[in-house]
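Visitor: Could you have a look at this structure, given as C-alpha cells, before my questions?
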Amino acid sequence: MIDVSQLVWLFLRLKGRISRAAYLLAGLLANLIPLFLLYRFTLVPEGSTESMGWAVAFTLIGILAIWAIFALSVKRVHDLGKPGAYALALFVPLVSYVAFVILCVMPGEPGPNRYGETTNSPA
C-alpha cells in the first residue's frame, strides 16, 4: 500500500534529504504529469469547453509541479549539506541546466548532517 504521508513529504515539504536517484525519478514524474495534460490540451478543439478544462488542469497542476520540483531540489541540496536557498539556482535561465546536472550526479554527504539523519526520509 502507498504511504501518502511519504508522497506528501517527498513532493511538498522542504525538510529532509533525498538521494540522486530519488531526485531524478521524482523530478521526472513531477515533469511528466503537466506534460501529459499539455498533450491532452493540444488534442481538443480550440475554444471548446473541454479545452478550457484541460487548460485549467494544466495551469493548476503546473503550479503544483513547480513547487514539487523546488521542494525536491531543496531536499537534494540539503543532502549535499548546503542551505535550501541554493535550489533557487534552478529558476535562473542557463544556470538551471548546470544546477540540475550537479544535483543529479554529485553524491550527498555520507552519514547524518544538519538537515537529516539519513537520505530519503523526513528530517
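Taken together, the values in this text are just the output of simple stated rules run on the coordinates, not laboratory data. If you're wondering where the values come from, they're calculated on a predicted model, not measured in any experiment. Backbone-built Cβ (ideal geometry, glycine too); neighbour counts: all protein chains shown.
Visitor: Output the residues belonging to the stretch 1-59 that are among the charged types (D, E, K, R), in a loop (DSSP other than H, G, I, E, B), under 30 Å from ALA85 (Cβ atoms) and over 11 Å from the mean Cα position of the chain (by Cα). Break it down stepwise before answering.
Guide: Applying the first criterion (among the charged types (D, E, K, R)) to the stretch 1-59 yields 3, 13, 15, 17, 20, 40, 46, 50.
Then keep just the ones that are in a loop (DSSP other than H, G, I, E, B); that gives 3, 13, 15, 46.
With under 30 Å from ALA85 (Cβ atoms) added as a condition, the list becomes 3, 13, 15.
If the condition is that a residue be among the charged types (D, E, K, R), in a loop (DSSP other than H, G, I, E, B), under 30 Å from ALA85 (Cβ atoms) and over 11 Å from the mean Cα position of the chain (by Cα), then ASP3, LYS15 are the ones that fit.
Visitor: Evaluate the following for GLY62: is it farther than 17 Å from SER121 by Cβ, free of Cβ contacts under 8 Å to residues at least 60 places away in the same chain and not in a helix (DSSP H, G or I)?
Guide: no
Visitor: Something else about it: Could you check, for the stretch 30-40, whether at least one of its residues is touching a helix residue (DSSP H, G or I) at 6+ places or on another chain (Cβ under 7 Å), over 22 Å from LEU7 (Cα atoms), surrounded by 12 or more Cβ atoms within 10 Å (Cβ to Cβ) and without any contact (Cβ under 8 Å) to a residue 24 or more places away in the chain?
Guide: yes
Visitor: Across the stretch 88-120, what is the total count of residues that are of a type in the set (D, E, K, R) and within 15 Å of the chain's Cα centre (by Cα)?
Guide: Here is the first cut: in the stretch 88-120, the residues of a type in the set (D, E, K, R) are 109, 114, 117.
Adding the requirement that they be within 15 Å of the chain's Cα centre (by Cα) leaves none.
Number satisfying all stated conditions: 0.
Visitor: Right, something else. Out of curiosity, is LYS75 outside any helix (DSSP H, G or I) and of a type outside the set (Phe, Trp, Tyr)?
Guide: No; evaluated as a whole, the condition is false for this residue.
Visitor: Identify the residue in the stretch 93-115 that is touching a helix residue (DSSP H, G or I) at 6+ places or on another chain (Cβ under 8 Å) and outside any helix (DSSP H, G or I) and, among all such residues, is surrounded by the most Cβ atoms within 10 Å (Cβ to Cβ).
Guide: Among those that are touching a helix residue (DSSP H, G or I) at 6+ places or on another chain (Cβ under 8 Å) and outside any helix (DSSP H, G or I), it is TYR115.
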